[in-house]
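Read-outs throughout are calculated quantities, based only on the coordinates presented, and are distinct from any laboratory measurement. Given the structure is predicted, the values throughout are model-derived calculations rather than measurements. Every residue, glycine among them, receives a Cβ derived from its backbone with ideal geometry; neighbour counts consider all protein chains shown.
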Amino acid sequence: MSMELEVVPAGLARVLEELPLVDHHVHGATSHDLSRTAFEELLGESDRPVPDWMTRFDSQLGFAVLRHCAPVLGLEPFCPPEEYLARRARIGAHEANRLLLGASGVGHFLVETGYRAEELLGPSGMAEASGAPADEVVRLESVAEQLAAAGCGAGEFGRRFAEALWERTGDARGLKTVAAYRCGLDFDPAPPSADEVAAAAGRWLEEGGRLRDPVLVRHLIWTGLERGLPLQFHIGYGDPDIDLKRSDPLLLRGLIELAEPTGVPLLLLHCYPFQRHAGYLAQAYPAVFFDVGLALTHVGARGSALLAESLEVAPFAKILYSSDAWGPAELHHLGALLWRRGMARVLGEFVLEEEWSVAQAVRVATMIGAENARRVYGLGG
């Protein structure tokens, strides 16, 4: 990757190009070939079909694919979508994954496996395709739903979920909750009683479906805190299944304060359009960390503006890198590339304006790109 940005001091550009990133929240790359329709559907967060009068290539993300992924597959930048997809089909998903994941320069993947995992490469598959280590992040709601599917009485749900979680996470690096999707973040932050959990479990097990009861979501979160692994929260931007106004991280303040004695790191993921709210929480509470993954890929050429806002009030030791890529390996590659380019622009301007030294810029880039995640998740290196 060449920065080709006049504002970037050479030493900073070199560090950003060569830095082995830690992608602390990512999903697997698609393990099978994709039709044009399937590929385009994965270029957005909407769960609705793409109208026949438009293409998702006409977006910041679509333009970024044609600009930055085409050369990785041996094509000229800005080639037509038809040419890009034809090339992708010729080389196949396995080779596309190898090229794009390898070109990302990610040095470690933390792979969340709780959503349609059968369609994606798991941690071992990601490691094989990329040549970089990959570990697992376990979704709390998935463990609970698997327990229910295997058969579990309401009265024993609380105890058996804890047992299942400990067993399921023996080699995991972290946990994740999608409470923002299931019930919103405006839930009672206190741990529920055993009687409340049993009653809520009885209602859920009788009705079936996805786990949405806020009492059970609270139980999962507090059991996760007892497990002691870093706990990730989906925040903000996502598909239409989420009520965006109920996914503001400020709604978690009560839980953050109650959970503080545990010392468990709380990772706020994505955060758009609440990145400034997340930054406030990160500077106010020692256990809170955040990233601007997912949105960074979708804003494309506007990534530097998003990154600049994330750097406003939060201590730099509290910000991490993630792509939240799910599906096409283009998203894994672009997450890393757009982060590198955006950070180069933002930090380069700080240096040229003589607000920061080059050494400070290099240190912050290294912290956010890799060192903070290695410390939080105990990755070493």
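For residue 316 and residue 90, the difference between the fully extended length at 0.36 nm per residue and the C-alpha to C-alpha distance is 77.0 nm. For the range 10-377, DSSP calls about 5 percent of its internal beta bridges antiparallel. Annotation: peptides 256-269, 103-116, ranked by per-residue average of other Cβ atoms within 10 Å with the highest first, follow the order 103-116, 256-269. Dipole check for the range 10-377: with +1 at the C-beta of Lys and Arg, -1 at the C-beta of Asp and Glu, and the Cα centre as origin, the magnitude is about 460 Debye.
With the cut-off at 1.5 for a/c, could you classify the range 10-377 from its C-alpha gyration tensor as rounded, prolate or oblate? Here the range 10-377 falls in the oblate category.
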